[in-house]
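Written below as structure tokens is the structure these notes are about.
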Amino acid sequence: MGWAILIIGLLGVTIAAAEFARVRRDRRALREAAALWRETPADDRASALELLLAGRARSAGAWYLLGCALFRRQRYSAAARCFGMAYHLDDELVSAALLVFTCLKTATSRENGTTLLRQLAQTYDEIRRPALAHDWKERILWDLLAESASQFGAPSAGPARLIWLVGSEQDRAALARIRAESPAWAAPLWSARPGTDLIGPTASP
């Protein structure tokens, strides 16, 4: 019995140490990707992040930010792949999963005129409106994106907040128009569940 307790204790210490190392590794990778995003001109971010990922392919934060850079260029298929990699590496990045499906559906539905925002609203409903930005890494990414997005009229939470941060000026203008018109299909965009991101400072990585 004594040996069993000792072995269980050692296993617990090993697991805790591995988790601590993983969190430190995640923080370091996220800090590196965030610094690159801040220091690089908008037009050069995609290529800079691709170079970073060539040597650090398991950085979920870098994949997420590369997805954002491509999303703003309306390269939705390529952005979907990046968001998919981010979610594969860290399934706490719930907004990455939402953006994967939104990007894929938008990329394949342009011919019938379905808009990005309508796809986002429909997709959020289809995946049962999960809480967004409930994880510390996702909140840090959102705060980073907020640094380069106007906060005048910015939504405080939900998919509307997400698209305001991830999207382009054109996307933000479209969102403002939809908010003024208030079509029924757009209601999910302003839906927020407990744990969803609110405007406010987040601890740095």
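We did not get these values from a lab; they are worked out from the coordinates using the rules stated. Computed from a predicted model, the values in this text were never measured in an experiment. Neighbour counts run over all protein chains shown; Cβ positions are idealised from the backbone, glycine included.
Brief remarks on what is shown
- Of the chymotrypsin sites (Phe, Trp or Tyr not before Pro) in region 37-116, those whose Cβ has at most 15 other Cβ within 10 Å and which sit in DSSP loop: none
- The distance between label points at residue 73 and residue 92 comes to 3.0 nm (points 7 Å beyond Cα on the Cα→Cβ vector).
- Potential extension, residue 109-residue 128 segment - 0.36 nm per residue separation minus Cα distance: 4.7 nm
- Per-residue packing, averaged as other Cβ atoms within 10 Å, sorts the ranges 165-178, 131-144 into the order 131-144, 165-178, beginning with the highest.
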